[in-house]
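Chemist: Pasting a structure below so you can have a look.
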């Protein structure tokens, strides 16, 4: 089955500490059922100094569970479920269940 959420998608957090925030998917971790979203689930980590980088406390995005995010509807930006439809060229595309709009390109 094709992926419902892909890298580069606009998503909305629907549960957890950052509920209501939106962001772009930076990375998908399919084996762990998690995704890294820009600006969401930001944590502060202590980083050791290396020759390339300066040490200190850095903020970075931590992975968030896929069940806690939903695709943002292309029309109004609200969370929507994802469906699949085959277009006239025979290509399977993702559609937003809320509005019926095509999510892919």
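Throughout, read-outs are computed from the coordinates displayed, never taken from laboratory work. Just so it is clear, the structure is predicted and the values come from calculations on it, not from any experiment. For neighbour counting, all protein chains shown are included, and Cβ atoms are generated from backbone atoms with ideal geometry for every residue, glycine included.
Chemist: For the peptides 16-27, 53-64, 31-42, what is the packing order when you average, over each peptide's residues, the other Cβ atoms within 10 Å and list the highest mean first?
Modeler: 31-42, 16-27, 53-64
Chemist: Further question on the same structure: Going 7 Å from the Cα of residue 93 toward and past its Cβ, which residues in the stretch 39-83 have a backbone nitrogen under 12 Å from where you end up?
Modeler: none
Chemist: So what is the diffusion coefficient of the stretch 54-105 in µm² per second by Stokes-Einstein at 37 °C and 0.692 mPa s, using a Kirkwood Rh over Cα pairs?
Modeler: Taking Rh from Cα pairs, D becomes 245 µm²/s.
Chemist: Let me ask something else. Could you check how many percent of all C-alpha pairs in the stretch 1-47 are farther apart than 18 Å?
Modeler: Within the stretch 1-47, distances greater than 18 Å cover 33 percent of Cα pairs.
Chemist: Could you list the square roots of 5 times each eigenvalue of the Cα gyration tensor of the chain, that is, the equivalent ellipsoid semi-axes, sorted largest first and rounded to whole Å?
Modeler: 32, 15, 11
Chemist: Label point 7 Å out from residue 76 along Cα-to-Cβ: which residues of the stretch 1-23 have amide N under 19 Å?
Modeler: 10-15, 20-23, by backbone N distance to the label point.
Chemist: Could you work out how far apart the two model spin labels at residue 49 and residue 3 are, taking each label as a point 7 Å from the Cα in the direction of the beta carbon, and quote it in nm?
Modeler: Going by the 7 Å Cα→Cβ label model, 3.8 nm.
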